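This report refers to the structure that appears directly beneath it.
The values are calculated or read from the model by the stated rules, or taken from the named source; none is laboratory data. Just so it is clear, the structure is predicted and the values come from calculations on it, not from any experiment. Positions of Cβ are backbone-derived with ideal geometry, glycine not excepted, and every protein chain shown enters the neighbour counts. All accessible areas refer to the heavy atoms of the entire protein, side chains included, with ligands and DNA or RNA removed. Shrake-Rupley method; radii C 1.70, N 1.55, O 1.52, S 1.80 Å.
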Amino acid sequence: NVRRHLKPYLGVEPLMMNGNCGDISNRLYRHNNDFAELERVSAGIAARVAGFTDAIDVDVEDIEAKVIEHVVDYDPDLSGLAAKKAELEKRLEVETEFDSRKWLLSEIAGYERKLKTPHIHNDFESTIIKWGDIEMVVIPCELASAFGKQIRRSSAYPVCFVWGYANGMTTYVVEASEFNGGHDGISTNLRKGDAEVYVGHLIQNL
(Lines give C-alpha, C1' and ligand atoms only; values in the text may rest on other atoms or scores of the structure.)
Protein backbone atom coordinates (compact mmCIF):
# COMPACT_ATOMS: atom_id res chain seq x y z
CA ASN A 1 0.00 0.00 0.00
CA VAL A 2 2.94 2.35 0.67
CA ARG A 3 4.22 1.58 -2.83
CA ARG A 4 0.84 2.45 -4.34
CA HIS A 5 0.93 5.82 -2.59
CA LEU A 6 4.51 6.55 -3.71
CA LYS A 7 4.27 5.51 -7.36
CA PRO A 8 2.42 8.66 -8.60
CA TYR A 9 4.79 10.89 -6.62
CA LEU A 10 8.01 9.20 -7.77
CA GLY A 11 6.92 8.43 -11.32
CA VAL A 12 8.40 4.92 -11.09
CA GLU A 13 7.45 1.64 -9.44
CA PRO A 14 9.37 1.77 -6.14
CA LEU A 15 11.08 -1.34 -4.79
CA MET A 16 10.99 -1.77 -1.03
CA MET A 17 12.76 -3.99 1.46
CA ASN A 18 12.34 -4.58 5.17
CA GLY A 19 15.44 -3.52 7.03
CA ASN A 20 16.36 -3.56 10.71
CA CYS A 21 12.92 -3.35 12.27
CA GLY A 22 12.56 -6.18 14.76
CA ASP A 23 11.46 -3.74 17.45
CA ILE A 24 9.19 -1.22 15.72
CA SER A 25 5.87 -3.05 15.35
CA ASN A 26 2.74 -1.03 16.10
CA ARG A 27 0.74 -4.13 17.03
CA LEU A 28 -0.07 -2.84 20.50
CA TYR A 29 -0.75 0.76 19.53
CA ARG A 30 -2.53 0.66 16.17
CA HIS A 31 -5.99 2.18 16.08
CA ASN A 32 -7.61 -0.89 14.54
CA ASN A 33 -6.93 -3.99 12.44
CA ASP A 34 -8.88 -3.09 9.30
CA PHE A 35 -8.33 -1.54 5.87
CA ALA A 36 -8.96 1.96 7.18
CA GLU A 37 -6.02 1.58 9.55
CA LEU A 38 -3.88 0.16 6.74
CA GLU A 39 -4.69 3.27 4.69
CA ARG A 40 -3.97 5.64 7.59
CA VAL A 41 -0.58 4.13 8.39
CA SER A 42 0.60 3.58 4.82
CA ALA A 43 -0.39 7.09 3.74
CA GLY A 44 1.53 8.48 6.71
CA ILE A 45 4.64 6.46 5.87
CA ALA A 46 4.46 7.48 2.20
CA ALA A 47 4.16 11.15 3.18
CA ARG A 48 7.32 10.89 5.29
CA VAL A 49 9.21 9.16 2.45
CA ALA A 50 8.04 11.82 -0.01
CA GLY A 51 9.62 14.40 2.27
CA PHE A 52 13.11 12.92 2.04
CA THR A 53 15.54 15.42 0.52
CA ASP A 54 18.92 13.62 0.70
CA ALA A 55 20.09 12.09 -2.59
CA ILE A 56 23.43 10.78 -3.88
CA ASP A 57 24.64 9.23 -7.14
CA VAL A 58 26.04 5.70 -6.78
CA ASP A 59 28.12 3.43 -9.00
CA VAL A 60 26.55 0.00 -9.56
CA GLU A 61 28.99 -1.42 -12.11
CA ASP A 62 30.52 -4.45 -10.36
CA ILE A 63 28.85 -6.97 -8.07
CA GLU A 64 30.15 -9.71 -5.79
CA ALA A 65 28.54 -11.69 -3.00
CA LYS A 66 29.52 -14.04 -0.22
CA VAL A 67 27.49 -16.22 2.13
CA ILE A 68 28.09 -16.05 5.89
CA GLU A 69 27.05 -19.09 7.92
CA HIS A 70 26.24 -18.76 11.62
CA VAL A 71 24.60 -21.56 13.63
CA VAL A 72 23.01 -21.34 17.08
CA ASP A 73 22.19 -24.73 18.65
CA TYR A 74 21.19 -25.37 22.28
CA ASP A 75 18.59 -26.73 24.74
CA PRO A 76 16.63 -23.90 26.42
CA ASP A 77 16.05 -23.67 30.17
CA LEU A 78 12.41 -24.78 30.20
CA SER A 79 12.03 -24.54 33.98
CA GLY A 80 13.26 -20.94 33.91
CA LEU A 81 10.86 -20.12 31.08
CA ALA A 82 7.96 -21.68 33.00
CA ALA A 83 8.82 -19.59 36.07
CA LYS A 84 8.83 -16.38 33.97
CA LYS A 85 5.46 -17.31 32.47
CA ALA A 86 3.98 -17.96 35.93
CA GLU A 87 5.27 -14.56 37.13
CA LEU A 88 3.54 -12.78 34.24
CA GLU A 89 0.31 -14.71 34.82
CA LYS A 90 0.26 -13.53 38.45
CA ARG A 91 0.68 -9.92 37.29
CA LEU A 92 -2.16 -10.39 34.79
CA GLU A 93 -4.52 -11.47 37.59
CA VAL A 94 -4.36 -8.03 39.19
CA GLU A 95 -3.69 -5.80 36.17
CA THR A 96 -6.68 -3.75 35.01
CA GLU A 97 -5.19 -1.19 32.58
CA PHE A 98 -6.04 -2.14 28.97
CA ASP A 99 -2.66 -1.60 27.26
CA SER A 100 -0.77 -3.23 30.14
CA ARG A 101 -2.99 -6.31 29.85
CA LYS A 102 -2.31 -6.45 26.10
CA TRP A 103 1.44 -6.40 26.76
CA LEU A 104 1.16 -9.13 29.39
CA LEU A 105 -1.01 -11.37 27.20
CA SER A 106 1.47 -10.97 24.34
CA GLU A 107 4.41 -11.84 26.59
CA ILE A 108 2.64 -14.86 28.11
CA ALA A 109 1.85 -16.17 24.63
CA GLY A 110 5.54 -15.78 23.75
CA TYR A 111 6.61 -17.93 26.70
CA GLU A 112 3.97 -20.53 25.84
CA ARG A 113 5.45 -20.85 22.34
CA LYS A 114 8.98 -21.20 23.70
CA LEU A 115 7.95 -23.89 26.18
CA LYS A 116 6.84 -26.08 23.26
CA THR A 117 10.38 -26.17 21.82
CA PRO A 118 12.84 -28.33 23.82
CA HIS A 119 15.68 -27.80 21.34
CA ILE A 120 16.69 -24.74 19.31
CA HIS A 121 18.57 -24.87 16.03
CA ASN A 122 18.94 -21.64 14.06
CA ASP A 123 20.94 -21.46 10.84
CA PHE A 124 21.58 -17.80 10.04
CA GLU A 125 22.58 -18.02 6.38
CA SER A 126 23.33 -14.39 5.57
CA THR A 127 24.58 -12.85 2.34
CA ILE A 128 26.80 -9.79 1.93
CA ILE A 129 26.51 -8.23 -1.51
CA LYS A 130 29.00 -5.60 -2.67
CA TRP A 131 27.62 -3.72 -5.66
CA GLY A 132 29.69 -0.74 -6.74
CA ASP A 133 29.11 1.89 -4.04
CA ILE A 134 26.45 -0.23 -2.32
CA GLU A 135 26.84 -2.87 0.35
CA MET A 136 23.79 -5.01 1.12
CA VAL A 137 23.65 -7.16 4.24
CA VAL A 138 20.92 -9.76 3.63
CA ILE A 139 19.77 -11.51 6.79
CA PRO A 140 17.20 -14.22 7.64
CA CYS A 141 15.76 -12.61 10.76
CA GLU A 142 14.06 -9.62 12.35
CA LEU A 143 16.92 -7.41 13.48
CA ALA A 144 16.54 -4.81 16.23
CA SER A 145 17.14 -1.28 14.95
CA ALA A 146 20.22 -0.72 17.15
CA PHE A 147 22.01 -3.60 15.40
CA GLY A 148 21.08 -2.32 11.96
CA LYS A 149 22.57 1.08 12.80
CA GLN A 150 25.72 -0.62 14.10
CA ILE A 151 26.13 -2.57 10.85
CA ARG A 152 25.66 0.56 8.72
CA ARG A 153 28.18 2.50 10.82
CA SER A 154 30.69 -0.33 10.35
CA SER A 155 30.36 -0.42 6.57
CA ALA A 156 33.06 1.31 4.49
CA TYR A 157 30.64 1.80 1.56
CA PRO A 158 28.84 5.07 0.72
CA VAL A 159 25.50 3.24 0.98
CA CYS A 160 24.79 0.24 3.21
CA PHE A 161 21.41 -1.49 3.22
CA VAL A 162 20.34 -4.02 5.83
CA TRP A 163 17.80 -6.34 4.18
CA GLY A 164 15.88 -8.37 6.74
CA TYR A 165 13.39 -11.24 6.55
CA ALA A 166 15.37 -12.72 3.63
CA ASN A 167 17.05 -16.10 3.04
CA GLY A 168 14.26 -17.64 5.10
CA MET A 169 13.20 -16.57 8.58
CA THR A 170 14.84 -17.59 11.85
CA THR A 171 13.91 -15.37 14.78
CA TYR A 172 14.07 -11.95 16.40
CA VAL A 173 17.62 -10.66 17.00
CA VAL A 174 17.51 -8.27 19.95
CA GLU A 175 20.09 -6.73 22.28
CA ALA A 176 21.03 -8.44 25.54
CA SER A 177 19.56 -5.45 27.38
CA GLU A 178 16.13 -6.25 25.85
CA PHE A 179 16.28 -10.00 26.50
CA ASN A 180 13.10 -11.45 28.11
CA GLY A 181 11.37 -8.08 27.87
CA GLY A 182 8.60 -7.10 25.48
CA HIS A 183 7.32 -9.16 22.55
CA ASP A 184 10.66 -9.34 20.69
CA GLY A 185 12.85 -10.04 23.71
CA ILE A 186 10.58 -12.90 24.76
CA SER A 187 9.85 -14.34 21.30
CA THR A 188 13.51 -14.57 20.27
CA ASN A 189 14.93 -18.09 19.98
CA LEU A 190 18.39 -16.84 20.88
CA ARG A 191 20.05 -16.91 24.27
CA LYS A 192 21.05 -13.67 25.95
CA GLY A 193 24.14 -12.38 24.14
CA ASP A 194 23.77 -14.61 21.05
CA ALA A 195 22.55 -11.63 19.03
CA GLU A 196 25.73 -9.65 19.70
CA VAL A 197 27.85 -12.61 18.59
CA TYR A 198 25.89 -12.99 15.35
CA VAL A 199 26.00 -9.29 14.48
CA GLY A 200 29.72 -9.21 15.32
CA HIS A 201 30.27 -12.09 12.91
CA LEU A 202 28.49 -10.13 10.16
CA ILE A 203 30.55 -6.99 10.82
CA GLN A 204 33.80 -8.97 10.67
CA ASN A 205 32.84 -10.00 7.14
CA LEU A 206 31.88 -6.57 5.79
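Where does the Debye-calculated log10 I(q)/I(0) of the stretch 6-163 sit at q = 0.12, 0.18 Å⁻¹, using only Cα point scatterers of equal weight, no solvent?
Values returned for q = 0.12, 0.18 Å⁻¹ are -0.84, -1.25.
Peptides 5-18, 80-93, 123-136: what's the order by average Cβ count within 10 Å, highest mean first?
For the peptides 5-18, 80-93, 123-136, the packing ranking is 123-136, 80-93, 5-18.
How much of the DSSP bridge set in the stretch 61-165 is antiparallel, in percent, rounded to the nearest 5?
Bridges in the stretch 61-165 are about 75 percent antiparallel.
For the stretch 16-106, what does the alpha-carbon gyration tensor say about shape, rounded, prolate or oblate, given a ≥ b ≥ c as the root eigenvalues, a/c under 1.5 as rounded, and a/b over b/c as prolate?
Oblate shape, in that a/c is at least 1.5 and b/c is the bigger or equal ratio.
What number of lysine-lysine pairs in the chain show an alpha-carbon separation below 23 angstrom, given a sequence spacing of 8 or more or placement on distinct chains?
Eligible lysine pairs with Cα atoms under 23 Å apart amount to 19.
Quick one: Debye curve from the C-alpha atoms of the stretch 76-206, no solvent, what's log10 I(q)/I(0) at q = 0.16, 0.20 Å⁻¹?
After summing over all Cα pairs, the log10 values are -0.82, -1.09.
May I ask for the angle, rounded to the nearest 10°, between helix 35-50 and the longest principal axis of the chain, with both axes built from Cα atoms and the value confined to 0 to 90°?
So the inclination is approximately 40 degrees.
If DNA, RNA and ligands are ignored and the probe is 1.4 Å, what is the ranking of 73, 99 by accessible area, most exposed first?
73, 99
What's the FRET efficiency of residue 127 with residue 96 using the Cβ-Cβ distance as r and R₀ = 35 Å, to the nearest 0.05?
0.15
By per-residue mean of other Cβ atoms within 10 Å, what is the highest-first order of 31-43, 180-192, 138-150?
Averaged packing, sorted descending, gives the order 138-150, 180-192, 31-43.
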